[in-house]
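The values are calculated or read from the model by the stated rules, or taken from the named source; none is laboratory data. Bear in mind that the values here come from a model prediction, so they are computed numbers and not experimental data. Neighbour counts are summed over all protein chains in view; Cβ atoms, including those assigned to glycine, are modelled from backbone coordinates with ideal geometry.
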Amino acid sequence: MKDSDLQRLLRAAAETVSDQPDEMPFGFETRVVTDWHAGLARDFVDVGRLLRRVVLLSLAVIALASAGTYHELRQSDDPDDSNDDEYAIVDSAIGSALEP
Amino acid sequence: MDDMADDFDGAALVAAARQHDESAAREIVRRLYPLVVRLVRSHRPRRTAEEDLCQMIFAKVFQKLSQFSGKVPLEHWVSRIAVNTCINQIQAERARPEFREADLSDEEIAVINNLAATSEELGPDRSFAARDLVEHLLAALKPAERLVIDLLYLQQRSVAEIQALTGWGASLVKVRAFRARQKMKQQLDRFTAEGSR
C-alpha cells in the first residue's frame with residue numbers, strides 16, 4: 001500500500017461529517033461548577049487543617065523554649081554554685097604563680 | 001476553535017472565575033465545551049465515557065485556573081489540558097485492539113480492493129465505509145498518533161493549528177503523523193495479505 005493510497009482513503013473518510021452534536025449534555029455545566037465549588041471547599045478545609053497544625057507545633061516549640069529558658073534562669077540564680085568554678089580557677093592561677 | 005466567538009474574552013472570564021464568580025465559570029464551560037468534546041472524540045476513548053472525560057478535563061481546568069497567565073488564548077490553554085488528559089487517560093486504558101480482515105465489513109474490504117486496484121479518488125458512495133475503515137486503523141494507534149491523524153486529515157487542520165492545540169512542535173506533529181501513516185499502511189497491507197489468502 002502506497003502513501004498516496006492512504007491519503008486517498010483519509011480524504012474519502014474526511015468527507016463524512018460527524019453526526020454527533022457538540023451540544024452539552026443536560027446538567028453538565030452544573031456538575032462541573034458543583035465539583036469546582038466542592039474542590040474549593042476541600043482546599044479551604046485542607047488549608048485550615050494545615051494552619052491548625054502549624055499553630056499547635058509553634059505553641060509546642062514556644063512552650064519547650066520557655067521551659068528551657070526558665071530552667072537556665074533558675075540555675076544561674078542559685079547562689080551556692082554560681083561562682084565556685086571561677087573561684088577555683090583564680091585560686092589555682094594564684095597558687096601556680098606564687099610557687100617558686 | 002475557528003468557530004469560537006470573537007468577543008470571547010477568556011482572560012476576563014478567568015479573572016472573574018478566580019473570584020469565585022459562578023456565572024463566569026458556567027460561561028467558560030459553555031464556551032469551551034464544543035472544543036473539548038471534539039478533542040475528546042479525536043482521541044476515541046474506548047472505556048471512558050466521552051462525558052466523563054470532558055468533566056475530568058474541566059475539573060483540571062478549574063483546578064489550574066490560577067496558573068493561567070493569559071499569555072496564550074484560553075482556548076489553547078484548555079486544549080492542551082484536554083490533550084494531555086486524554087492521552088494519559090487512554091494510555092491508562094491500554095486498549096489497542098488488533099483487527100483482522102475478518103473483522104471488516106464487505107464495504108470496507110471493497111474500499112481496500114478499490115485502493116489497490118486504481119489510483120482514482122474513492123467515490124462519495126464509499127465515504128462511510130472509508131470512515132469505518134479509518135476508525136479501525138486508528139484504534140490500533142497510540143493516542144497521540146490517533147489525535148494527529150484525526151486533526152490533520154479528518155478535521156483537515158493545519159500543522160500550525162495542531163501546534164496551537166497540542167503545544168507540540170511542528171516537527172513532532174510531522175514525525176507523529178509520519179509514524180502513524182506508516183502503521184496504518186502496514187495494517188492495510190496485512191488486511192490485503194489476509195484477503196488474498
Residues located in region A:21-56, provided they are within 7 Å of chain B (Cβ to nearest Cβ) and within 30 Å of B:Glu108 (Cα to Cα): A:Asp22
Of the criteria (1) in contact (Cβ under 8 Å) with a residue 40 or more places away in the chain; (2) at the interface with chain A (Cβ under 9 Å from one of its Cβ atoms), which one B:Ser119 fails: (1)
Hits in region A:19-68 (condition: closer than 21 Å to B:Ala24 by Cα, charged (D, E, K, R) and not in a helix (DSSP H, G or I)): A:Asp22, A:Glu23
Condition met for B:Glu75 (loosely packed, with under 15 Cβ neighbours inside 10 Å and acidic (Asp, Glu)): no
B:Leu172 assigned to a helix (DSSP H, G or I) and crowded, with 21+ Cβ neighbours inside 10 Å: no
Index of the failed condition, B:Val111 passing every other in (1) more than 9 Å from chain A (Cβ to nearest Cβ); (2) surrounded by 15 or more Cβ atoms within 10 Å (Cβ to Cβ); (3) over 21 Å from B:Arg41 (Cβ atoms); (4) at pLDDT 85 or above: (1)
Where B:Leu104 falls short, out of the listed (1) in contact (Cβ under 8 Å) with a residue 60 or more places away in the chain; (2) in contact with a Lys or Arg (Cβ under 9 Å, 6 or more places away or on another chain): (2)
Filter result for B:Leu152 (buried (at least 17 other Cβ atoms within 10 Å of the Cβ), over 27 Å from B:Val61 (Cα atoms), among the aliphatic types (A, V, I, L, M) and within 13 Å of chain A (Cβ to nearest Cβ)): no
